[in-house]
1. Could you give me the ³J(HN,Hα) list for region 39-55, computed from phi with Karplus coefficients 6.51, -1.76, 1.60 and θ = phi - 60°, whole Hz, x at Gly and Pro?
2. Each residue of region 175-182 in order: what ³J(HN,Hα) in whole Hz does its phi give by Karplus 6.51 cos²θ - 1.76 cosθ + 1.60, θ = phi - 60°, with x for Gly and Pro?
3. Given the DSSP H assignment, sum -39500 (n - 2.57) over each helix run of at least 4 residues in the chain and divide by its residue total; what's the result at 222 nm in deg cm²/dmol, nearest 500?
4. So what's Rg/Rh here for region 91-191, counting alpha carbon atoms and using the Kirkwood radius for Rh?
5. Enumerate the residues in region 15-53 having an amide nitrogen under 15 Å from the point lying 7 Å beyond the Cα of E6 toward its Cβ.
6. What length, rounded to one decimal in nm, is gained on full extension from D30 through to W16, with 0.36 nm per residue of separation minus their alpha-carbon distance?
7. Between 0 and 90 degrees, rounded to the nearest ten: what's the tilt of helix 96-112 against the longest Cα principal axis of the chain?
8. Cross-chain or 8 or more residues apart, Cα under 20 Å: how many lysine pairs in the chain fit that? Count them up, please.
Amino acid sequence: LQAIAEAAKDIEIDLWVMAPMINTPAEAADFAKRARELGIKQVGVMVETPAAALHADKVLAEVDFGSFGTNDLTQYVMASDRLDSRLSDMTSTWHPAVLRIIQIAAQAAGQLIKPIGVCGEAAANPYLAAVLLGLGVNSLSMAPSAISEVRGFLSTVDLATCQSAAQKAITAISAEEAEKFAKEILEGNAK
């Protein structure tokens, strides 16, 4: 934090920092306090553990924004090693359990009027990006090569359709079924 604050002090910049692997409101508050003492005004946390997601109302109350780390969050929600290809259904952000926990945290962020985004490859899937927006996420981060496709797809659906797809996806019993349900709604309502 000191190095970031020092590097930013002599330039005109809208500096935002966030801490990874935050679990509790106390950890979020401590990080925010230390960052703000150094003059950093926009302080956030990664929501990548079930504890942070389930207590998002309290964790995000301590900071200015949050961002889902979907790779880690999925791995921890499903208690499955994301590097083990034999567990593909258990390591997919499409899994309804993962989508539900994202919804819980995104709703908490919405009630606090705090932005919450998604980091990781999940946002690079146009259908999943739409579902994430439908769950309450309000910014998406992805590789530059995915931006055009995701932007193009999102321009064909409205928020109500994304919300409908998200609600249907969380009723599924598997990642495959959640994706199928969402695609049916999104493709059926595309402009």
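The values are calculated or read from the model by the stated rules, or taken from the named source; none is laboratory data. All values derive from a computational prediction rather than experimental measurement. Positions of Cβ are backbone-derived with ideal geometry, glycine not excepted, and every protein chain shown enters the neighbour counts. To get the accessible areas, we keep the full protein, side chains included, count just its heavy atoms, and leave off ligands, DNA and RNA. Shrake-Rupley method; radii C 1.70, N 1.55, O 1.52, S 1.80 Å.
1. Using θ = phi - 60°, the values come out as x, 7, 8, 9, 10, x, 9, 7, 9, 9, 10, x, 4, 5, 5, 6, 10 Hz.
2. Per residue, the Karplus-derived 3J(HN,Hα) values read 4, 4, 5, 4, 5, 4, 4, 5 Hz.
3. Here the helix-only value at 222 nm equals -15500 deg cm²/dmol.
4. Over the Cα atoms of region 91-191, Rg/Rh equals 0.94.
5. Backbone N within reach: 38-39.
6. 3.4 nm
7. That helix lies at roughly 50 degrees to the long axis.
8. Lysine pairs meeting the criterion: 13.
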